[in-house]
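J.: Got a structure for you, questions after.
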Amino acid sequence: MVWGIIVRYGKLICAVLVVFIALMGSAAGDRLPNQTPENQVFSISTVIDVTGFVSDNTVLSWVIGSPGAIPTGILGASQSIADITYRDSIMTNGGKLSMNKNFDFNSQDQSTGLYNIEAQKVLTYASVEGAHLVGEEEYTLSVAGNYASGDGNIRCVFSTGAGDSLPAFCNIVTAKSSLININSAQISTKGQIRAVTSDAGTPAELNYQIAVTPDTNSGSGYAEGTVKTVFAGSIMEARDGGDTNYGYDGSAASDYKTATWNKTAATNIWKDSTAVTGGIKNFQKSFAYKSGFRV
């Protein structure tokens, strides 16, 4: 479901709030891998208050599979894998920058309402002698899984054959924002990802928010520069389990249906893009994604 709300018009650009919620029902959804015996927890905090050149970069690449090791090819029965990427960068060639940024990572199993990755950033920038700020932030959540028992690079399983089983799936979503030639602005962002859990009912989740408003000390009443966002997803879901006789319709012994555990039963590809430039009175976008058997 998508809502686009035009709040008010500024000098050249309007304020925009978009909330995108993708929910996968009980017939399809992600089954997340669980934690490894040894887990990692770390936090990175950054505080900057400077007039001059600034370069700040944070990158995380995390791949986890279960049960067993990270598979090198098509997933085996009951296997699932999560591939997560986080990138954030800020650069200035001068000007005054004040920034607080926190990044938290926890590889342990997380329940609903808790996350493996959480990042927050608040900054204020003012140009000096023609200097400007550029930046980019991106979250990618990719989860794939083969069919599994109902009791308990993206590696899709929709091309090779193999009771009640949970269907295969191959889903990827991303949220990205770009800051270009920012001369004056107050900017805040927040992102969250959950990709690991021991509870089959806990969904994969990605949340992202960005807000751009004027620097109150500038006196102009507008933020100045270009802001772009892209929210996108590609969803592939099977419907049945891995039994080769799955789906018998009861009409005759010869009427067993062909197994469809590796056949795509639903696809959902979507993209939301926004670009604003000029005098920005207010710009806000929010993205929320969940995929699981019970959301």
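J.: Could you sort E137, E118, E38 by their accessible area in this structure, using a 1.4 Å probe and putting the largest first? All intermediate terms of the calculation are to be shown ahead of the outcome.
T.: Numbers: E137 5, E118 70, E38 135 Å².
Solvent-accessible surface, decreasing: E38, E118, E137.
J.: With a 1.4 Å probe and all protein chains kept in place, how much accessible area does Y208 have, in Å² rounded to the nearest 10?
T.: Answer for Y208: close to 0 Å² accessible.
The values are calculated or read from the model by the stated rules, or taken from the named source; none is laboratory data. Small disclaimer: the values here were computed from a predicted structure and weren't measured. Side chains are part of the model used for accessible areas, which takes the heavy atoms of the whole protein and leaves out ligands, DNA and RNA. Shrake-Rupley method; radii C 1.70, N 1.55, O 1.52, S 1.80 Å.
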